[in-house]
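First the structure, in the form of structure tokens, and then the observations on it.
The values are calculated or read from the model by the stated rules, or taken from the named source; none is laboratory data. Owing to the predicted nature of the structure, the values given are computational and were not obtained by experimental measurement. Using ideal geometry, Cβ is built from the backbone for each residue, glycine included, and neighbour counts are taken over all protein chains shown.
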Amino acid sequence: MGCEVISKERVGVINPMYDCQPAGAQYAGIGVKDCIPLVHGGQGCTMFVRLLFAQHFKENFDIASTSLHEDSAVFGGHQRIIDGVLTLARRYPELRVIPLITTCSTEIIGDDIEGNIGKANAALKKEFPGRKIHVVPVHTPSFKASQVGGYAECMQAIIKTICDHKVAPTGKLNVFPGWVNPGDVVLLKHYFKEMGVDATIFMDTEDFDSPMLPDKSIHTHGRTTVEDIKHASGAVASLALAKYEGGSSADYLKSEFEVPSHIVSTPYGIANTDAMLRKVSEITGKPIPDSLVKERGIALDALQDLAHMFFADKKVALFGHPDLVIGLAEFCLEVEMKPVLMLLGDDNSRYKKDPRILALKDKCNWDMEVVCNADLWELEKRALDKDYGIDLIMGHSKGRYVAIDANIPMVRVGFPTFDRAGLYRHPTMGYRGAMLLGETIANTLFTHMEYTKDREWLLNTW
Amino acid sequence: MPMVLLNCDKDIPEREKHIYLKVDGEDTRDFLPISNAPTIPGTLSERGCAFCGAKLVIGGVLKDTIQMVHGPIGCAYDTWHTKRYPSDNGHFQMKYVWSTDMKESHIVFGGDKRLEKAIHEAFDEMPHIKRMIVYTTCPTALIGDDVKAVVKRVMEARPDTDIFTCECPGFAGVSQSKGHHVLNIGWVNEKVGTVEPEVTSPYTINFIGDYNIQGDTQLLQQYWDKLGIQVIAHFTGNANYDDLRAMHRAQLNVVNCARSAGYIANELKKRYGIPRLDIDSWGFNYMAEGIRKVCAFFGIEEKGEALIAEEYAKWKPQLDWYKERLKGTKMAIWTGGPRLWHWTKSVEDDLGVQVVAMSSKFGHQEDFEKVIARGQSGTYYVDDGNELEFFEIIDLVKPDVIFTGPRVGELVKKLHIPYVNGHAYHNGPYMGFEGFVNLARDMYNAVHNPLLKLAATDIRGETTTRFLEAAE
Ligand code: SF4
Ligand code: SF4
């Protein structure tokens, strides 16, 4: 009994859980307003990532490529960087930020990114004297980290480049939620508003859920502005909700500008949300309002109907981003489910020492496996193993066929969730997120009971 | 002034050479858009990479084959779950992707050993699978791993396996097109002629350039069955690896997608003397013409006529129902390349639809020659169109529906223009007679979607809402 933390033994990957570093960097980049990331590499490294975002959000996001062709692969892609930056600047007059994201190939070729940005900046200054465009160097060769690391890297690079001096105190709170859905961003904003806390979300992706309007205007873009980023150095504190996705940026602002940094457990589930709100209250001195006590109560009230009646002892397999998977495992324990398998998709050596994982070990009196550097084949093998006995899979759409073929109910959560409608709109974080997640789990189990005629009569009365 | 410099392109004036507006009475050969040329960096082009042309489009369709992508994880992740090509064996090819997941040390010291290990592992994990294609990617091409040597070693160690190497890094060429070429030529060089098929019919063909999108291949297979024609190999829809090793034994190569697979047909002609017959499989007129040509080749014309008559009787009334309602619809096509010329005339003839703008990601000169010859005047023909150009052209031609990919589809949704998935289809198959009715239905449902009218309504304006009596 107890928890074992292991790593995948195979060297190769069958069905990856995460995309590459530049993909994560592109996701962070599109969260900035008036920003088009420019990916320095082959066209595939960009085109597919744009498609992936479109699949998940059912929206289009603008990301450019330097379109590395054979000649540049041989002679270097310097001119293509400068041409790319200038073409974007000329054709997009509102543009203020261009994260220049490297890929495996351009890192191998060894293109001098900083040097070329210097040249591009000089050219920009000459052609657009009154206009400041921040070209941000983002080094993200995929062979060093995954989309998780790439997200963190780009976030930090943007802050490093744009937030270049200590501004006067703003009284604001920097919040780094990590790679979450617009539904989570909306929920967090709501909490801060209820508490009377002036917070800036890095990145504010609320408008990744954008409307069809009578005037046909398009508002699908990040809302974090250059000013927001500049003012990060004057904040009262930084609050990172995702250690592996936002922690490094919070730490950077601390070491560079002495902005206190707080990295809390990702607020999935009731207790983690409690801890986050208490932390916000402690930092800002603002009390937790009655309205949130009520929201918490509604969530508890809903989950109480489900936990020991339907959820208890259900064996759950979880996969996805590390902060999400750990948070979901904690949520599972709250509702009496047993996380038996947690899959983390890259080889970040910090996972094995993560205090949250160590704490889980103490809490479980059943066999639990944490597999680092995992692929979805690790999931598939266990899902098909009747003795392993997984009752529920929680993870993103790339694992859909495991659930389909093993005939195990699956709840989509994380990124990407392209095979279910509208999930990006709903929070997973906070009380409301916990409630919605619990209800989705319940309804998924119920549907499965009906389709497999497994005690479907149970619901004849409830 | 048939070549057009759009306003959004004033800072990249070279784009003028890529955009053509057809005018009546012009000799179009004087005004072919430049194509298959390098992309201008930073233009938000739609193009993908050569690796994807090889893996995602052609090789990845094979239903019994491990697709080993030698490179860091992204190249594999990104070319998985982006296609709709089912198979009759449970969709093995859509469920899995394999990667050697290169790390920094392999970039520095070489990835050969890792590749070898990953190949063995893959076969060990799925012992019923004996076929594999190994692809290089930009990173592994740059570090110069000797993939062919590795593959040779593995095949010696595992005599019951067969592995094909496709060395086609993303940066090769200017678009996915280069990948089609590399895979075609590599395959005919190394694999064709290594398996003898069981020939069961006096009439044998290879059906080339059809990837079973939403079951296209399987639908057309019904026709071949009825005609008594044996398809030795489908290149590559719903196909097994070994089917394609036997391509040398067909009497005729019937080519649908000339762009992605014309190369192999030409090589088969050169090396084995198999004639090449190009047909279009989308549209009633075209499909009937294609069947007639194939049947004429074998001297089984009556069979062909019987099939066409049967299919017409079954599907033509439905097509006509849609034609009646789609007549005059303005359509834009923004896809890879060949579908421009496959579709422009068939939607015009069969459905009365007018194609007003077309953009190709990777078409070559002969694709533009074909599409401009088949297409209408007043229509824009664009090579490697980019996002701002799309906006401007939409403004100029005001299409009612756009056949394109899902991402661009999401973009034009905001402009209240419905899209139909021009790559993976909405509810296909779209080939053949039944398929074209599906296409017509999807177009009709797209254009007549009531939400579009609601989207255009500004509820702040004067009330025009009509209350139904019962609601008052
Ligand atoms: S690295 Fe090369 S092969 Fe891989 S996706 Fe990018 S362009 Fe394509
Ligand atoms: S080469 Fe690297 S950056 Fe490009 S797709 Fe492959 S893994 Fe991602």
If we keep only residues of segment B:97-120 that are surrounded by fewer than 20 Cβ atoms within 10 Å (Cβ to Cβ) and within 7 Å of chain A (Cβ to nearest Cβ), then the residue farthest from ligand 1 (Cβ to nearest atom) is B:LYS117
Within segment A:242-264, residues at pLDDT 95 or above and either touching a Gly at 6+ places or on another chain (Cβ under 7 Å) or among the hydrophobic types (A, V, I, L, M, F, W, C) (or both) come out as A:ALA242, A:GLU245, A:ALA250, A:LEU253, A:PHE257, A:VAL259, A:ILE263, A:VAL264
Residues in segment A:62-81 that are more than 7 Å from chain B (Cβ to nearest Cβ) and touching an Asp or Glu at 6+ places or on another chain (Cβ under 9 Å) total 5
Exactly one of A:GLU107, A:GLU127 is more than 15 Å from ligand 1 (Cβ to nearest atom) and either more than 7 Å from chain B (Cβ to nearest Cβ) or surrounded by 24 or more Cβ atoms within 10 Å (Cβ to Cβ) (or both), and that one is A:GLU127
Checked segment B:121-147 for anything of a type outside the set (D, E, K, R), under 23 Å from B:PHE109 (Cα atoms) and more than 12 Å from chain A (Cβ to nearest Cβ); matches are B:VAL147
| Going by the conditions given, is B:VAL188 buried (at least 19 other Cβ atoms within 10 Å of the Cβ) and away from ligand 1 (no atom under 16 Å from the Cβ)? | yes
Considering residues that are more than 13 Å from ligand 1 (Cβ to nearest atom), within 23 Å of B:TRP98 (Cα to Cα) and not charged (D, E, K, R), the number found within segment B:25-66 is 7
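So, in segment A:302-342, of the ones that are among the aromatic types (Phe, Trp, Tyr) and within 15 Å of A:GLU439 (Cβ to Cβ), which residue ends up nearest to the chain's Cα centre (by Cα)? Outline the logic, then answer.
Narrowing segment A:302-342 to residues among the aromatic types (Phe, Trp, Tyr): A:310-311, A:319, A:331.
Applying the additional criterion that residues be within 15 Å of A:GLU439 (Cβ to Cβ) yields A:310-311, A:331.
Values: A:PHE310: 29, A:PHE311: 27, A:PHE331: 18 Å.
The extreme case among them is A:PHE331.
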Per the filter on segment A:202-251, residues under 16 Å from A:ASP323 (Cβ atoms) and surrounded by fewer than 24 Cβ atoms within 10 Å (Cβ to Cβ) are A:LYS243, A:GLY247, A:SER248, A:ASP251
Just one listed residue, out of B:VAL195, B:VAL174, is away from ligand 2 (no atom under 16 Å from the Cβ), part of a loop (DSSP other than H, G, I, E, B) and under 21 Å from the mean Cα position of the chain (by Cα), and it is B:VAL174
Only unsatisfied item for B:TYR20, checking (1) hydroxyl-bearing (Ser, Thr, Tyr); (2) facing chain A (nearest Cβ under 7 Å); (3) away from ligand 1 (no atom under 16 Å from the Cβ), is (2)
(request) Output yes when any residue across segment A:15-33 is more than 7 Å from every other protein chain (Cβ to nearest Cβ), more than 19 Å from the chain's Cα centre (by Cα) and more than 10 Å from ligand 2 (Cβ to nearest atom), and no when none is. (result) no
ask   = If you go through segment A:139-153 one residue at a time, do you hit one that is within 15 Å of ligand 2 (Cβ to nearest atom), closer than 14 Å to A:PRO37 by Cβ and among the small types (Gly, Ala, Ser)?
value = yes
Exactly one of B:ASP112, B:ASP101 is touching a residue at least 12 places away in the same chain (Cβ under 8 Å), out of contact with any Lys or Arg (no Cβ under 9 Å at 6 or more places or on another chain) and more than 16 Å from B:GLY170 (Cα to Cα), and that one is B:ASP112
When every residue in segment A:130-143 that is exposed (fewer than 15 other Cβ atoms within 10 Å of the Cβ) and not small (Gly, Ala, Ser) is compared, the one farthest from the other protein chains (Cβ to nearest Cβ) is A:LYS132
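Applying the selection to segment B:29-43, what residues are among the hydroxyl-bearing types (Ser, Thr, Tyr) and within 21 Å of A:GLY76 (Cα to Cα)? First the steps, then the outcome.
Our first condition is that a residue be among the hydroxyl-bearing types (Ser, Thr, Tyr); within segment B:29-43, this holds for B:35, B:39, B:43.
Listed by number, the residues that qualify are B:THR39, B:THR43.
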When restricted to B:SER45, B:SER35, the only residue more than 12 Å from chain A (Cβ to nearest Cβ), buried (at least 21 other Cβ atoms within 10 Å of the Cβ) and among the polar types (S, T, N, Q) is B:SER35
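Is it true that B:GLY144 is at pLDDT below 95, under 20 Å from the mean Cα position of the chain (by Cα) and within 16 Å of ligand 1 (Cβ to nearest atom)? Don't jump to the end; show me each part of the working.
Values: at pLDDT below 95: yes; under 20 Å from the mean Cα position of the chain (by Cα): no; within 16 Å of ligand 1 (Cβ to nearest atom): yes.
Taking the combined requirement at face value, the residue does not satisfy it.
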Among the residues of segment B:25-52, the number that are away from ligand 2 (no atom under 16 Å from the Cβ), of a type in the set (A, V, I, L, M, F, W, C) and either at pLDDT 95 or above or closer than 20 Å to B:LEU388 by Cβ (or both) is 4
Over segment A:34-60, the set of residues within 16 Å of ligand 2 (Cβ to nearest atom) and among the basic types (Lys, Arg) is A:ARG50
If we keep only residues of segment A:383-407 that are in contact with a helix residue (DSSP H, G or I) (Cβ under 6 Å, 6 or more places away or on another chain) and among the β-branched types (Val, Ile, Thr), then the residue nearest to A:ALA271 (Cα to Cα) is A:ILE393
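For residues that are touching a residue at least 60 places away in the same chain (Cβ under 8 Å) and either within 7 Å of chain B (Cβ to nearest Cβ) or small (Gly, Ala, Ser) (or both), scanning just segment A:34-44, find the one that is nearest to B:LEU56 (Cα to Cα).
First, the residues of segment A:34-44 that are touching a residue at least 60 places away in the same chain (Cβ under 8 Å): A:34-42.
Within this subset, residues satisfying the condition of being either within 7 Å of chain B (Cβ to nearest Cβ) or small (Gly, Ala, Ser) (or both) are A:38, A:41-42.
On the way: A:LEU38: 24, A:GLY41: 19, A:GLY42: 16 Å.
Looking at residues that are touching a residue at least 60 places away in the same chain (Cβ under 8 Å) and either within 7 Å of chain B (Cβ to nearest Cβ) or small (Gly, Ala, Ser) (or both), I get A:GLY42.
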From the option list B:LYS55, B:LYS22, B:LYS83, single residue qualifying as more than 16 Å from ligand 2 (Cβ to nearest atom), crowded, with 17+ Cβ neighbours inside 10 Å, closer than 27 Å to A:THR417 by Cβ and not hydrophobic (A, V, I, L, M, F, W, C) is B:LYS83
Considering segment A:78-104, residues that are among the hydroxyl-bearing types (Ser, Thr, Tyr) and more than 13 Å from ligand 1 (Cβ to nearest atom), and then whichever is farthest from B:ARG407 (Cα to Cα), we arrive at A:THR87
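Would you call A:PRO141 under 12 Å from A:LEU100 (Cα atoms) and touching a strand residue (DSSP E or B) at 6+ places or on another chain (Cβ under 9 Å)? Explain how you work it out, then say what you get.
Numbers: under 12 Å from A:LEU100 (Cα atoms): no; touching a strand residue (DSSP E or B) at 6+ places or on another chain (Cβ under 9 Å): yes.
Here the answer is no, as A:PRO141 does not meet what is asked.
Taking A:GLY150 as the residue in question, decide whether it is under 27 Å from A:TYR424 (Cα atoms) and either within 14 Å of chain B (Cβ to nearest Cβ) or surrounded by fewer than 18 Cβ atoms within 10 Å (Cβ to Cβ) (or both). Full working, then the answer.
Values: under 27 Å from A:TYR424 (Cα atoms): yes; either within 14 Å of chain B (Cβ to nearest Cβ) or surrounded by fewer than 18 Cβ atoms within 10 Å (Cβ to Cβ) (or both): yes.
For A:GLY150, the condition - under 27 Å from A:TYR424 (Cα atoms) and either within 14 Å of chain B (Cβ to nearest Cβ) or surrounded by fewer than 18 Cβ atoms within 10 Å (Cβ to Cβ) (or both) - is met.
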Of A:PHE75, A:PHE48, A:PHE53, the only residue that is under 26 Å from B:GLY71 (Cβ atoms) and within 12 Å of ligand 1 (Cβ to nearest atom) is A:PHE48
Over segment B:35-56, the set of residues more than 18 Å from the chain's Cα centre (by Cα), touching a residue at least 12 places away in the same chain (Cβ under 8 Å) and at positive phi is B:LEU44
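Only one of A:VAL74, A:VAL97 is among the aliphatic types (A, V, I, L, M) and either under 18 Å from A:HIS219 (Cα atoms) or within 16 Å of ligand 2 (Cβ to nearest atom) (or both); which?
Answer to the selection: A:VAL97.
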